[in-house]
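To start, the structure itself, in structure tokens.
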Amino acid sequence: MILYGVLRKSDIKDYAFAVCAAIGHGRHGLATEMLVETCAAETLLATAKDRTLYYAGAGVAQVDESTFDWLKDKYKSHRIARDIKKKLGVDLMLVTYRELDFSPLISLIFARLRYWTVPEAIPTTQEARAEYWKKHYNTSKGKGSPEEYLERCKASGVDALFKGEDQK
């Protein structure tokens, strides 16, 4: 079963690419991979439902509510907010936290904004991205580990997704 408003795993990659096209792909052009892998680590690419009722986050990328509020405030007058509205049709100031659970696009926008705040470039290897995710996204408060990130990417079929193999 696919959750969070996702029909196919490949939709996550498509939304991630669209978000990165609007906000930026990062110095090494790996933001799409980072977002898809984050969704794998957080929800097994929309196949694992968080049962904590918003305690551990919302949406396919499991964005925390405090992070959501911080990012909305941080970017409300920024050119990124204008780009998101123009290119993706999403007005950050009108989005509510609960919408993340039903819109993979909105969830991925906020995940990308979270990574956008990090001055370090997104790493070029999946192993290094696992460490980056733990340090900047899951943080010391989260239960996830870099090893689990890698296991969940493998279990979710992230590599096959980027090779163009159909993912239901």
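Might you let me know whether the stretch 131-144 holds any residue that is open to solvent by 70 Å² or more (accessible area, probe 1.4 Å), part of a helix (DSSP H, G or I) and within 22 Å of Gly29 (Cβ to Cβ)?
yes
Yes or no, residue by residue, for (1) farther than 16 Å from Tyr137 by Cβ; (2) free of Cβ contacts under 8 Å to residues at least 60 places away in the same chain:
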| residue | (1), (2) |
| --- | --- |
| Met1 | yes, yes |
| Lys13 | yes, no |
| Ala21 | yes, no |
| Met34 | no, no |
| Ala41 | no, no |
| Ile84 | yes, no |
| Leu94 | yes, yes |
| Phe102 | yes, no |
| Phe110 | no, yes |
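Can you tell me which residue is surrounded by the most Cβ atoms within 10 Å (Cβ to Cβ) among those in the stretch 1-16 that are in contact with a Leu (Cβ under 9 Å, 6 or more places away or on another chain) and assigned to a helix (DSSP H, G or I)?
Restricting to residues being in contact with a Leu (Cβ under 9 Å, 6 or more places away or on another chain) and assigned to a helix (DSSP H, G or I), the top hit is Ile12.
Which one of Leu113, Leu92 is among the hydrophobic types (A, V, I, L, M, F, W, C), surrounded by 13 or more Cβ atoms within 10 Å (Cβ to Cβ) and in contact with a Leu (Cβ under 6 Å, 6 or more places away or on another chain)?
Within the list Leu113, Leu92, the selection yields Leu113.
Report whether or not Lys13 is charged (D, E, K, R) and at pLDDT 90 or above.
yes
Yes or no: Val36 part of a helix (DSSP H, G or I) and β-branched (Val, Ile, Thr)?
Yes, satisfied.
Give me the pairs: first residue in the stretch 114-132 and closer than 14 Å to Cys153 by Cβ, second residue of a type in the set (A, V, I, L, M, F, W, C), beta-carbon distance under 7 Å, and six or more apart or on different chains, which are they?
What qualifies is Gln126/Leu150; Gln126/Cys153; Glu127/Leu150; Arg129/Met34; Arg129/Ile122; Ala130/Leu150; Tyr132/Ile122.
Ser66 - would you say it is surrounded by fewer than 21 Cβ atoms within 10 Å (Cβ to Cβ) and part of a loop (DSSP other than H, G, I, E, B)?
For Ser66, the condition - surrounded by fewer than 21 Cβ atoms within 10 Å (Cβ to Cβ) and part of a loop (DSSP other than H, G, I, E, B) - is not met.
The values are calculated or read from the model by the stated rules, or taken from the named source; none is laboratory data. Just so it is clear, the structure is predicted and the values come from calculations on it, not from any experiment. Virtual Cβ from ideal backbone geometry, glycine too; neighbours counted across all protein chains shown. With ligands, DNA and RNA removed, areas are computed over all heavy atoms of the protein, side chains included. Shrake-Rupley method; radii C 1.70, N 1.55, O 1.52, S 1.80 Å.
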